[in-house]
Amino acid sequence: MKKIIYFVSIITLLSSCSKEEKEPTTLSVNFTQTVDGETLLMLCCGGEGSFPYTNEAGEKYNIQTLKYIISNIVLHDGDGNSIPIKDFHFVDLADELTWQFEAEQLSNGNYTSLSLSMGLDESMNISDVYLNEAWHASMLWPNMMGGGYHYMKLEGAYNNDSTFYNTHTGSTAGIDYSFNIDLPINLNIENDLGNIAIDINMEINNWYKNPNIYNLSGGIMGDTSKQISLQQNGFTDVFSISIN
């Protein structure tokens, strides 16, 4: 009888060890921002060196506000399967809690790309749909301009402390200026890999230079040509991805 009990105990112990070794794979998605490859610094106005950045138009500027919405975040594997990981995510550089989210447990597989939308497409961008979200009030787009929500608010001063810019993107004149991009990755997930982190980086200066040189002066929210320029620049090379 003692031998039988001892044998069962060994099986139980081995089974327990096996389960501990096979930790479920979790995916953390981090949102980062750079300017010309350097980590973005949030600065307020005034003081020497308060305009650390220069855009392609030669304008010196700082960044005092950065808020944006990413939606339709989906992983794609080598077999053509799509695995949605989050409907939308709001990033506010002033709120560290928004810089990351954790996806549900992921299945084994070789993932080859991650796709996302900058902003909210017309099926999602409807006034007051996100009334219960903390960012609802701060991201509202005026009803007289089509309603819905800002995709991004990038704000600061340029050239001097009293000249301000507002790079605000969103639906204008009823036209959807959100855009979808596909970011290639090489991610082979197995159950014993534990935690994996993906960084999705926004290169700020690329909003202003490729393929369109963008000038910070003047309004934007009712200007379809400026919305098109930013959409084209954003689609080209604003976002990149890396795996930690």
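The values are calculated or read from the model by the stated rules, or taken from the named source; none is laboratory data. On a predicted model such as this, the values are computed, not experimentally measured, just so you know. Virtual Cβ from ideal backbone geometry, glycine too; neighbours counted across all protein chains shown. Note: areas computed on protein heavy atoms with side chains; ligands, DNA, RNA excluded. Shrake-Rupley method; radii C 1.70, N 1.55, O 1.52, S 1.80 Å.
Assorted remarks:
- Accessible area ranking (1.4 Å probe, heavy atoms, ligands and nucleic acids excluded), largest first, for ILE63, ILE85: ILE85, ILE63.
- Projected area, mean over directions - the chain, Cα convex hull, nm²: 18.0 nm²
- In this label model, ASP36 and HIS136 are separated by 4.2 nm, measuring between points 7 Å along each Cα→Cβ vector.
- Restricting the calculation to Cα atoms, region 87-189 shows an Rg/Rh of 1.04 when the hydrodynamic-style radius is the Kirkwood one.
- Student exercise, the chain dipole from Lys, Arg, Asp, Glu Cβ charges, in Debye to nearest 20: 380 debye
- Distance (nanometres) between label positions extended 7 Å along Cα→Cβ at ASP237 and ASN180: 2.5 nm
- Dipole moment magnitude, nearest 20 debye, region 118-177 about Cα centre, only Lys, Arg, Asp, Glu C-beta charged: 100 debye
- Cα shape, region 31-146, gyration tensor, a/c 1.5 rule: oblate
- One compactness figure for region 94-146 is 1.56, namely its Cα radius of gyration divided by 2.2 N^0.38 Å.
- Extension reserve of the ASP161-TRP99 stretch, reckoned as 0.36 nm per residue once the Cα distance is removed: 19.5 nm
- In region 141-197, the alpha-carbon atoms span a convex hull of 186 Å³ per residue.
- The Cα trace of region 130-172 gives Rg and Dmax of 12.6, 38 Å, the first to one decimal, the second as a whole number.
- For the chain, the longest principal axis of the C-alpha atoms and the axis of helix 2-21 are separated by about 10°.
- Size of region 172-244 as Cα extents on the principal axes (Å, biggest first): 53, 25, 16
- Computed about its Cα centre, the charge dipole of region 45-158 is approximately 220 debye, with only Lys, Arg, Asp and Glu carrying charge at their Cβ.
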